Amino acid sequence: MKLIVAVDKNWGIGKDNKLLVSIPADMKMFRQETTGKVVVLGRKTLATFPGGLPLKNRTNIILTGNKDFKVKDAVIVHSIEELLEEIKKYPSDEVYCIGGDSVYKQLLPYCDTAIVTKIDFAYEADRYFPNLDEASEWKITGRSEEQTYFDLEYEYVTYERLS
């Protein structure tokens, strides 16, 4: 399984159930990377999407402890064990964990590739992603040219888990 995340300088990913910043080119990269694939996310992250609806042209798997939660056009699972069983139906390199923070933390041990948009700015955040630069089991295997959105600089960094 892969994961895809945008982080600020402090590995912040969100505040008040919203992304810290929306960069159009990053959103486009996310769409290109995940369209036609499987995305795994939590119920709270789903609630932040337009209309609270699953992403189009993807298989959406929602991880929630709420047994009564239902949403059209998505697969609902209630535990990590159930999720791991469900994703066996798909090629592992086509499954992407897309958040939020508790889902990232629960699934990080099962991910082998992390596609991280690193934004060179420190925002006020209340949700964070684990710092992969400090994690000895992860190494950087790819890095884009520095990108600019108005005065914001960012880059795409690929991390892979050491086997």
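The values are calculated or read from the model by the stated rules, or taken from the named source; none is laboratory data. The shown structure was predicted, so the numbers you read here are calculated from the model rather than taken from an experiment. Virtual Cβ from ideal backbone geometry, glycine too; neighbours counted across all protein chains shown. Areas reflect the complete protein model, heavy atoms only, side chains present, ligands, DNA and RNA absent. Shrake-Rupley method; radii C 1.70, N 1.55, O 1.52, S 1.80 Å.
If DNA, RNA and ligands are ignored and the probe is 1.4 Å, what is the ranking of 23, 140 by accessible area, most exposed first? Kindly include the intermediate steps, with their values, before the conclusion.
Values: 23 5, 140 75 Å².
Ranking 23, 140 by accessible area, largest first, yields 140, 23.
Determine the gain in length on full extension of the stretch residue 44-residue 57; use 0.36 nm per residue of separation and subtract their C-alpha separation, reporting nm with one decimal.
Numbers: separation 13, 0.36 × 13 = 4.68 nm, distance 2.02 nm.
Full-extension gain reported as 2.7 nm.
In a fully extended conformation the segment linking residue 89 and residue 143 would gain 16.4 nm over its present Cα-Cα distance, using 0.36 nm per residue.
A 1.4 Å probe run over the protein chains yields, for the chain, 56 Å² of accessible area per residue, whole-number rounding.
From Cα pairs below 8 angstrom and at least 6 apart in sequence, can you work out the relative contact order of the range 1-122, rounded to a whole percent?
Details: 187 pairs, mean separation 53.0, N = 122.
Computed value for the range 1-122: 43 percent relative contact order.
Once the Cα atoms are used to define both axes, helix 24-34 deviates from the longest principal axis of the chain by about 40 degrees.
Could you tell me what percent of the accessible area of the range 1-154 is made up of carbon and sulfur, with a 1.4 Å probe and every protein chain present?
The computed percentage sits at 49.
Among 11, 78, 116, which residue has its Cα furthest toward the positive end of the charge dipole of the chain, with +1 on Lys/Arg Cβ and -1 on Asp/Glu Cβ? Among 11, 78, 116, the one farthest towards the positive end of the dipole of the chain is 78. When 154, 110 are compared by accessible surface with a 1.4 Å probe, the order from highest to lowest is 110, 154. Each Lys and Arg adds +1 at its Cβ and each Asp and Glu adds -1 at its Cβ; summed about the Cα centre, the chain shows a dipole of about 720 debye. Calculated [222 nm] ellipticity per residue, helices only, for the chain: -5000 deg cm²/dmol; basis is -39500 (n - 2.57) per DSSP H run with n ≥ 4, divided by all residues, nearest 500.
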